[in-house]
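So the structure is just underneath, and the comments pick up after that.
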């Protein structure tokens, strides 16, 4: 009987022990899950805080402050390498109390600590005990953790974490700092790209302003002499006709035509320059009205019919009969279409077709001018709307041009709230206008 009682007691103890062991195991698992959750939450919070700014200084300040608070550090520093990775400089520092000396701006030669920086430049974190003399109470031993900040392109610098007590950093703490360093590298890369883009945008803005000033100035300077040349030419032509000084031979007519064509091209150049400078300087106050696209396109195409037949080209109109009325500034819209059709006539070879089409969705109006027999190289297509850019060796009729037509069209289209795109493939080139209805 006594033995049975003993056995029962032992069994009860064993059950209690196993129950306690199971509770401890469950508690450990719960603690690990909670720690993992807190770890991921911390990483996410830091990532959000540094990714909502493109200011590099703010990123460093937020990183050092956040890590110092989370890991209960005495200090947290950011040191950055120079371009040759021969020297580091403390760029940012967060200290919990003011008993510590401020190390911001302090430089360190990599060659003075080769055993340390050799590992860091190999993207390895490093933990060591260091003597710190910045404490107002004298020299103290501190625990130092250094984690490199790097991305796929370069090593930017290091995060330095300092505890005044000799309390080592745990694996989870090191892992957290490494994750933060990775997030930090991405944020810094984005910030630097953003700042570089801003600088480039400002430079481009200055260049555009200079070009606009140049166009404005030269267009004004050229208008008066061009008017004088026109008057002189018309006067000469009248005198020759009235006095009958020169016989009306084919050569006489040809010389006058060359003179007239050259003048018209130069005069168009000046007119385009003046129009571009006017659009750049201010948006013109315009009177808008509703128009029928079908009627307007036919009106624009009609004057080109003779030229198209003479150049052995064909013209096709593909206009949706159900097009709604379009509300716009009619003179500007007409000028855009006239320039597009004129370009199509100029660049379409004999035997090919010019197609003017118009269609609409519930939201947008699309008007396209397409010519076959011509394909523009991608490198040229990218620049086709640039000021003063002309496609080389692509004018079968040798009519030349100012090189400002398409740039002017783009500006006028934007002025009307629309957009224009160019496509060229399968031996066809198309310019498509899009406007909101």
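Please treat every number below as a calculation from the coordinates, not as lab data. Not measured: the values here are computed from a predicted model. In this analysis, Cβ positions are derived from the backbone assuming ideal geometry, glycine residues included, and neighbour counts consider all displayed protein chains.
Residues 329, 309, 366 in ascending order of nearby Cβ atoms (within 10 Å, fewest first): 309, 366, 329. Against the empirical curve 2.2 N^0.38 Å, the C-alpha radius of gyration of the stretch 45-92 lands at a ratio of 1.26. Computed over the Cα atoms of the stretch 51-195, the ratio of the radius of gyration to the Kirkwood radius (Rg/Rh) comes to 0.94.
Taking the fewest neighbouring Cβ atoms within 10 Å as the starting point, the ordered list for 112, 74, 151 is 112, 151, 74.
Using every pair of distinct Cα positions in the stretch 289-436, the Kirkwood expression returns a hydrodynamic radius of 15.6 angstrom.
Each of 370, 170 was scored by other Cβ atoms within 10 Å of its Cβ. Arranged with the fewest first, they read 170, 370.
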